Amino acid sequence: MFKRSIKTKIVAYTFSIMLIVSVLFSLISLYNLFSLRSFFINSSKNVFAIQANHYLEDEVKSYARIIEANLNIKEKMCASTVNFLSNAKDPTKYIPNIYTVTNKDLEIKGIAILDKNFSIVYSYPKNATFEGALNKIKAKDYRKFSKNVYFIDFYLNKDQNAYFSFLFPFKDEGYILFEIDPSGIFSILQSAQIRPMSNKYLWMTDHKGVLVFDPKVKEHPLITLKDHVDLTDPQNGERLAYLMKNYILKGKTGTSFYTFRGVEKYVGYTSIPKTGWGLGLTLPISSLMEGVNKLNEQINSKTILMLGIFSFFSVITILIALFFSMWASNKIVKPILDATNTINSIIMGDVSKRITYESNDELGELIKSVNNLMDALAQTLANLGDINIKKENENE
């Protein structure tokens, strides 16, 4: 029982110490592994976000410049037309031909001559009503676009289509109004959905923050002016409303994020100063995270592989620890067992046995002392035998 107990204790103690060391090393290694994994994933997210923000801001400014150039061309062409008509004795004679040309190239849908009270004196084509523009003019809801040119922001006519207009002073204290179809502007906005980022899209508001164009995407259908979606209304998202009121409608440019109809989005925003229009180039965060998720999957697969390799070597380490503890216990216990057997032999009367163990450690000293004891005991027994023989001879 003693033999098994001490051997078991030595194995248990040695194995426990090595197992504790192995577990501590494993925990530290796993902590470092997962820390590195978290660092790489978070760093990747930050890099993707920074690049997306920079990309969105630069691109939305490019679209703003394109739209502003388009408006400037329309305004210059309309101004040239006004100069020509101002020199004509009967401007109404030339307006139909001018309309035919400008309808195609400048997307002008109607031309009207107004008196000083903004009543229509002449209009072409005859079915054009201009009621949306006239209502805004009478409400003084227009702004200066350039010298002697006024801009009338988006409005709806009876056909429920959106238009905007340029208003020019005309001879005899009158005015001339050019009503323009914004489909060309909308085509520019629509082009933002072309790759490389097909999930990104460009929306535009009027100077009050009401959506004029928001293209059809997965999250919502096409939104136009007739839907009257006011982005300054907190019901459409508090952060978006704050962004519109304090940044976009104040002519600022930058990047941010917001939630619209349950979808989180990055946005690069700017405005067109001459018209007050707000532009937002958005990219759903989920689309941005696709690249991060793919990288995350790769990191996870590598992490699982590393965990497998680490587990394999941990098992090998534990087996080695078990083998070493058994070898050490045998190395320590065997001389003790030999000493025990030798002492038992002495008890049985055999003093000729010796323990074979050579070592400079404490156990070696113990074995040497046991062997010395055996030698002394054997010598004592031999001396006692000689004394007994001598006494027997004397008695005879």
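Values as computed for the structure displayed
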| read-out | value |
| --- | --- |
| Answer from GLU297, GLU290, GLU365, GLU392 - the residue that is open to solvent by 50 Å² or more (accessible area, probe 1.4 Å), assigned to a helix (DSSP H, G or I) and at pLDDT 75 or above | GLU365 |
| Single unsatisfied condition, SER191 versus (1) over 30 Å from ILE285 (Cβ atoms); (2) among the polar types (S, T, N, Q); (3) exposed (fewer than 15 other Cβ atoms within 10 Å of the Cβ) | (1) |
| Index of the failed condition, GLU179 passing every other in (1) crowded, with 17+ Cβ neighbours inside 10 Å; (2) part of a loop (DSSP other than H, G, I, E, B); (3) acidic (Asp, Glu) | (2) |
| Residues being closer than 26 Å to GLY132 by Cβ, open to solvent by less than 50 Å² (accessible area, probe 1.4 Å) and among the hydrophobic types (A, V, I, L, M, F, W, C) - total across region 217-240 | 4 |
| Matching entry among LYS171, LYS158 (being at pLDDT below 95, more than 47 Å from the chain's Cα centre (by Cα) and basic (Lys, Arg)) | LYS171 |
| Residue match in region 139-155 (condition: open to solvent by 60 Å² or more (accessible area, probe 1.4 Å), over 48 Å from the mean Cα position of the chain (by Cα) and not polar (S, T, N, Q)) | no |
| The listed residue being farther than 28 Å from LEU156 by Cα and open to solvent by 40 Å² or more (accessible area, probe 1.4 Å), out of ASN246, ASN199 | ASN199 |
| Test: residue in region 79-93 that is out of contact with any helix residue (DSSP H, G or I) (no Cβ under 6 Å at 6 or more places or on another chain) and within 27 Å of GLY251 (Cα to Cα) | yes |
| Condition broken by MET204, with the remaining ones in (1) open to solvent by less than 50 Å² (accessible area, probe 1.4 Å); (2) under 30 Å from ASN87 (Cβ atoms); (3) part of a strand (DSSP E or B) satisfied | (2) |
| ASP181 being of a type outside the set (S, T, N, Q) and without any contact (Cβ under 8 Å) to a residue 60 or more places away in the chain | no |
| Pair list, Cβ < 6 Å and 6+ apart or interchain, from region 207-220 residues that are more than 19 Å from GLN235 (Cα to Cα) and of a type in the set (D, E, K, R) to residues that are modelled with pLDDT of 85 or more and open to solvent by 50 Å² or more (accessible area, probe 1.4 Å) | LYS216/LEU222 |
| Residue match in region 14-27 (condition: small (Gly, Ala, Ser), out of contact with any Lys or Arg (no Cβ under 6 Å at 6 or more places or on another chain), modelled with pLDDT of 90 or more and open to solvent by less than 80 Å² (accessible area, probe 1.4 Å)) | no |
| Hits in region 256-275 - residues which are closer than 20 Å to LEU189 by Cα, open to solvent by 50 Å² or more (accessible area, probe 1.4 Å) and touching a strand residue (DSSP E or B) at 6+ places or on another chain (Cβ under 8 Å) | PHE257, LYS274 |
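So that you can scan it fast, the table gives a plain yes or no per residue for (1) more than 30 Å from ILE304 (Cα to Cα); (2) at pLDDT 90 or above; (3) open to solvent by 40 Å² or more (accessible area, probe 1.4 Å):
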residue: SER29; (1), (2), (3): no, no, no
residue: LEU36; (1), (2), (3): no, no, yes
residue: LYS74; (1), (2), (3): yes, yes, no
residue: SER80; (1), (2), (3): yes, yes, yes
residue: TYR94; (1), (2), (3): yes, yes, yes
residue: ASP105; (1), (2), (3): yes, no, yes
residue: GLY110; (1), (2), (3): yes, yes, no
residue: ILE113; (1), (2), (3): yes, yes, no
residue: LYS126; (1), (2), (3): yes, no, yes
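The values are calculated or read from the model by the stated rules, or taken from the named source; none is laboratory data. These figures come from a predicted structure and were not determined experimentally. In this analysis, Cβ positions are derived from the backbone assuming ideal geometry, glycine residues included, and neighbour counts consider all displayed protein chains. Only protein heavy atoms, including side chains, enter the accessible area calculation; ligands, DNA and RNA are left aside. Shrake-Rupley method; radii C 1.70, N 1.55, O 1.52, S 1.80 Å.
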